[in-house]
Structures are given as structure tokens and as C-alpha cells.
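Following this message is one structure expressed as C-alpha cells.
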Amino acid sequence: MRIIIVGAGEVGYHVAERLAKEQHDVVVIDVDRDRLDYVESHLDVAVVEGSGVNLTVLESAGVGQAGMLLAVTSVDEVNLVCCMSVQPRHGLTKVARVSNPDFYRGGEALRPSRFGVDLLINPERELALETFALLESTAATDLTLFAGGAVQLIGLTVLEGAPVDGKTLLEIGRKVGRRSLLAVAIERDGETLIPDGTTVIQAFDHVYAIAAEDEITRAMGLCGYSRTKLTRVMIAGHSREAFYLAKLLEQHGIEGTVLVADPEMAHEFAVRLERTLILRGDATDVELLEFEGVGETDAFVAFTDEDEMNIISSLVARDLGVKQIITLLNRTDYLPLARRIGLETAVSPRISAANAILQHVRRGSIQNVTVFKDSDAEVIDFIVSADNPLIGIRIEDIQLPEHAILATIVRDEKMIIPRGSDTLQAGDEAIVFALADAVSGVTELFPS
């Protein structure tokens, strides 16, 4: 499918990278020649210089033959006008990135159909929702919900001396028994591994486990963590992500404090947030953080507009004794760096946007798509259609691509860890873990 992406920034680049790896015909449009040169030299995509609101530019990119138009620049109005510039056409799906919370006030303030848009993506709000879920889990570095939350994918760094440290998955399985809990991937030394029974879990491994909701606490315990109640959170920064997260904390009755350096933004936050304490100050001011008792908070979230500021303030908070720290990073090349320096939980607006966009790109039998933050891995949630040829075939006889694993089957709201003798049934949710080179092969097995 031809996919036109307007905007070669962080979100546009990442989405183009994922879609190009899946063999889509991708064209990227931007007014910045330097950004386009970077995209062209790093990705197997075509580029067009110009404005996405210019119909001539869109036509030169082949929008007439495209199946999807993604307007993901950093300017909401440009994205909306871009979608309006193209006449509705059967087979063309238009997606616009819209971040300003003012557009969403009143529920019906912005109806996608008024602008000829099929889907609105708000990366900042999506990231705030993801961050809130991570805060509630207390130890997770990644968390995705499937089957309405009955099944969860959780990322955890194994602590030294944890019950699983030095054990093979077979040994762990004997201890756990036939519970709804499965390790689907391990990140070690920058490489993503699909484990088998002989794989030995090591301290500092980053393990991705899929588990029933009531097994999440057990998964945390196996990796060396205990669950605690979230009551007090400090947020650094006046970004949109910070605002959305503060609102979520208010809605759930959690005490929130936002540290804002800019006086005008501090005033705006104070007006728009009803039960949140707003403090003026620098997020890297050690004395201020100590005075405000950051070490006694349950979590510190670095949500300023600058990655470097987020990293430094997170390190300061860690030094002052905060147990859970979440760091916003726009640049993907900083994600592995953050983990190496001990900042285990980093979040990215562009990853949140990519998850929402990829789910819409694939549609059909796909319920959900989760992109891993610092690897080429994905978890895809399929609905098994009644005419799927895999129905009735033993799991051990299904020819999945080499770098893919059928992690879980959800049937009648119950999670099943598939065994070789199990079979798929119509209406099942099949949750598959796959590296990028296996995604297209997996999706071919689950047509709509």
C-alpha cells in the first residue's frame, strides 16, 4: 500500500521507518530539506519537498494512488488543513495528529468528519495515559492491555537476587506451575531474544512477560519487586504531556505536584488544574527538590520539553531516593542510553503515536498493536475469523515466521498459554510477539 506521511519530524520518521520495514510504499513530505535528506539517507522511502497543505505537492507524492494519508507535523492546524486539501476517496484513510487540548474540550468540539479526517491521533494524551498505567504498576517499564485489561504485557528489569535470577525458564515454569504467565522476549546487551525453556534469566535482563491481570503482581515478585499504592507524584515540566498527566492524577484522587519554570505557564497550569499543587522552579534544582520532599513521593515524572533536562532531573530524583522514575524522551537514540545509566522507564510520544497509527494502518482482524520502545519488536492482537485456515490446526503444526511466537490465546475472556496440542477457534484473540522481519508473515496468517 502507498502511504503518504506529511511531516519528517520524530513521529513521522518513526512511523515511516516501521512501515518501510513492512514493505509499504512510503512517501514522506516536508518543507525542511535537511530533514528529508536525513530520512532519505536512513530509510528506504521516497521524499518530496514542499508543504502538505499544497495539493500540487500531495499529487506529486502520489496521493491519488495512496491508501493512507498521515498528517503528523508538529502543527495541528497544518495537519487538519492537509487532510481537508484532499477530496474524500474510497480506499483512502486520512489520519491527523492533533495535540492541543483546546481542540478536545466539550467532547464534540472537534469531530473528525468535519475535516474529512478518519482518525485523530493525540500523541501527548496517549503518552500520559501510558505513563499513568506505568505509575499504577509501580515497577513496570512497559505496560499494554489486551482483552479489556484481562491480559497484560509488562516489561520488567530483573533485579539482582530476584527469584528468577540464574534460573532457566523451565525451572521457573515448574515453580510457577500452569499459571497464566509467559515470558515472550528478553532484551540483553541491546539485543532482543525470543527465549525457550533452556534460556537462563540473568540479573539486569529486561524481560517482557504476558500475564493474566491477577498474575501481574506475581510477575513483579518473580523479578524482585513488591507492589505499592500510588498516593503522591511529582511532575517536572509544563509540556502538554505534563498537563494531561496531572489531569489524570486529579481524576483518580492522587496527590500531584507540578514543577514549572516559566511563570506564565505556571499561572496557566494553576488556572486549569483544580487540585494540583503548582511550584515555580527548575527541575534540576537539588535544594528545591529536597525542600519539597521529592524523596518521599511515590514517583517522579520528568516531562519537560527538553530531553537533556529530563535525563538530568531524573538522575537528581534518583539520587534523592525516589523509587519510581519515568523520563520523557523524544529522541529514540536516547532510549538505550537512559537504560544504561539506570533510568529504566522512558516514554516517547512518537512511540505512542506509532502504536495508534499502526493499529489503524493494519485494521482488519487486528485489535491492537504495541511497538517496543527500543527494539524492532511488536505485539499484535488478532481476532481469529471464522474462515481462518488455521482453525483446528495444532499449534505445533502452525508455520509461524522464525522470529515470531504465539504468546497467548484469549477465549471467553480467559487467557490460555498455548501448548503444542492446543488449537485456535473462531472468535479467539491470538496475541503474537514478532520482530520486524516477521510482522508481514504473521499478518498474512490472520487475514480479515
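The values are calculated or read from the model by the stated rules, or taken from the named source; none is laboratory data. Since the model is a prediction, treat every value here as computed from it, not as a measurement. When we count neighbours, we look across all protein chains shown, and the Cβ atoms used for this are built from the backbone with ideal geometry, even at glycine. Surface accessibility is based on the protein's heavy atoms, side chains included, excluding ligands, DNA and RNA. Shrake-Rupley method; radii C 1.70, N 1.55, O 1.52, S 1.80 Å.
Being under 15 Å from residue 209 (Cα atoms) and in a loop (DSSP other than H, G, I, E, B) is the filter here; which residues of the stretch 133-142 pass it?
Taking the stretch 133-142 first, the residues under 15 Å from residue 209 (Cα atoms) are 134, 137, 139-142.
If the condition is that a residue be under 15 Å from residue 209 (Cα atoms) and in a loop (DSSP other than H, G, I, E, B), then 139, 140, 141 are the ones that fit.
Each row is one residue, and each column tells you yes or no for (1) surrounded by 18 or more Cβ atoms within 10 Å (Cβ to Cβ); (2) within 30 Å of residue 239 (Cα to Cα); (3) over 24 Å from the mean Cα position of the chain (by Cα); (4) not basic (Lys, Arg).
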{"residue": "344", "(1), (2), (3), (4)": "yes, yes, no, yes"}
{"residue": "382", "(1), (2), (3), (4)": "yes, no, no, yes"}
{"residue": "420", "(1), (2), (3), (4)": "no, no, yes, yes"}
{"residue": "443", "(1), (2), (3), (4)": "yes, no, no, yes"}
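At least 1 residues that are farther than 22 Å from residue 339 by Cβ in each: list the strands (runs of 3 or more DSSP E) lying fully within the stretch 143-228 that qualify.
On the way: elements: 151-157, 181-188, 191-193, 206-212.
Result: 151-157, 181-188, 206-212.
Can you run down the residue pairs with Cβ atoms below 7 Å, 6 or more apart or on separate chains, where the first is in the stretch 1-13 and over 18 Å from residue 81 (Cα atoms) and charged (D, E, K, R) and the partner is outside any strand (DSSP E or B) and open to solvent by 30 Å² or more (accessible area, probe 1.4 Å)?
What qualifies is 2/65; 10/330.
Right, something else. Considering only the stretch 295-310, state which residues are in contact with a Phe, Trp or Tyr (Cβ under 8 Å, 6 or more places away or on another chain) and surrounded by fewer than 22 Cβ atoms within 10 Å (Cβ to Cβ). Outline the logic, then answer.
Of the stretch 295-310, the ones in contact with a Phe, Trp or Tyr (Cβ under 8 Å, 6 or more places away or on another chain) are 307, 310.
The answer is 307, and nothing else.
I've got another one for you. Please verify whether residue 337 is at pLDDT 80 or above, open to solvent by 30 Å² or more (accessible area, probe 1.4 Å) and closer than 20 Å to residue 131 by Cα, treating the condition exactly as stated.
yes
Here's a follow-up. Which residues, counting only those in the stretch 254-278, are part of a loop (DSSP other than H, G, I, E, B), more than 25 Å from the chain's Cα centre (by Cα) and either buried (at least 20 other Cβ atoms within 10 Å of the Cβ) or not basic (Lys, Arg) (or both)?
Going residue by residue through the stretch 254-278, those that are part of a loop (DSSP other than H, G, I, E, B) are 254, 261-262, 273-276.
Imposing the further condition that a residue be more than 25 Å from the chain's Cα centre (by Cα) reduces the set to 261-262, 273-276.
261, 262, 273, 274, 276, listed by residue number.
Filter the stretch 331-352 down to residues that are within 25 Å of residue 97 (Cα to Cα) and touching a Lys or Arg at 6+ places or on another chain (Cβ under 7 Å), then give me how many there are.
Summing the residues that are within 25 Å of residue 97 (Cα to Cα) and touching a Lys or Arg at 6+ places or on another chain (Cβ under 7 Å) in the stretch 331-352 gives 4.
Shifting gears a bit: Output the number of residues of the stretch 201-217 satisfying the condition of being open to solvent by 60 Å² or more (accessible area, probe 1.4 Å) and on the phi < 0 side of the Ramachandran plot. Break it down stepwise before answering.
Within the stretch 201-217, the first condition is being open to solvent by 60 Å² or more (accessible area, probe 1.4 Å), and the residues that meet it are 202, 204, 213-214, 217.
Those still in the list that are on the phi < 0 side of the Ramachandran plot too: 202, 213-214, 217.
Of the residues in that region, 4 qualify.
Could you pull out the residue among 172, 194 that is hydrophobic (A, V, I, L, M, F, W, C), farther than 26 Å from residue 324 by Cα and touching a residue at least 60 places away in the same chain (Cβ under 8 Å)?
Values: 172 fails: touching a residue at least 60 places away in the same chain (Cβ under 8 Å).
That would be 194, the only listed residue that is hydrophobic (A, V, I, L, M, F, W, C), farther than 26 Å from residue 324 by Cα and touching a residue at least 60 places away in the same chain (Cβ under 8 Å).
A further question on this structure: Can you name every one of the helices (runs of 4 or more DSSP H) wholly within the stretch 10-94 that holds 2 or more residues which are of a type in the set (A, V, I, L, M), open to solvent by less than 80 Å² (accessible area, probe 1.4 Å) and within 24 Å of residue 334 (Cα to Cα)?
Numbers: elements: 10-21, 33-42, 55-60, 76-85.
Here the list reads 10-21, 33-42.
Here's something else I'd like to know. I need the full set of residues from the stretch 105-129 which are small (Gly, Ala, Ser) and at pLDDT below 65, in order please.
First pass over the stretch 105-129, keeping only residues small (Gly, Ala, Ser): 106-107, 109, 113, 116, 128.
Listed by number, the residues that qualify are 106, 107, 109.
Shifting gears a bit: Condition first: open to solvent by 30 Å² or more (accessible area, probe 1.4 Å), under 18 Å from residue 153 (Cβ atoms) and modelled with pLDDT of 90 or more. Now tell me which residues in the stretch 163-198 satisfy that.
Correct list: 169 only.
Given the structure, is residue 326 closer than 21 Å to residue 347 by Cβ and modelled with pLDDT of 90 or more? Give the steps one after another, and end with the answer.
Working: closer than 21 Å to residue 347 by Cβ: yes; modelled with pLDDT of 90 or more: yes.
Yes: the conditions hold for residue 326.
The conditions are (1) under 19 Å from the mean Cα position of the chain (by Cα); (2) open to solvent by 10 Å² or more (accessible area, probe 1.4 Å), and residue 326 fails exactly one of them. Which is it?
In the conditions (1) under 19 Å from the mean Cα position of the chain (by Cα); (2) open to solvent by 10 Å² or more (accessible area, probe 1.4 Å), residue 326 misses (2) alone.
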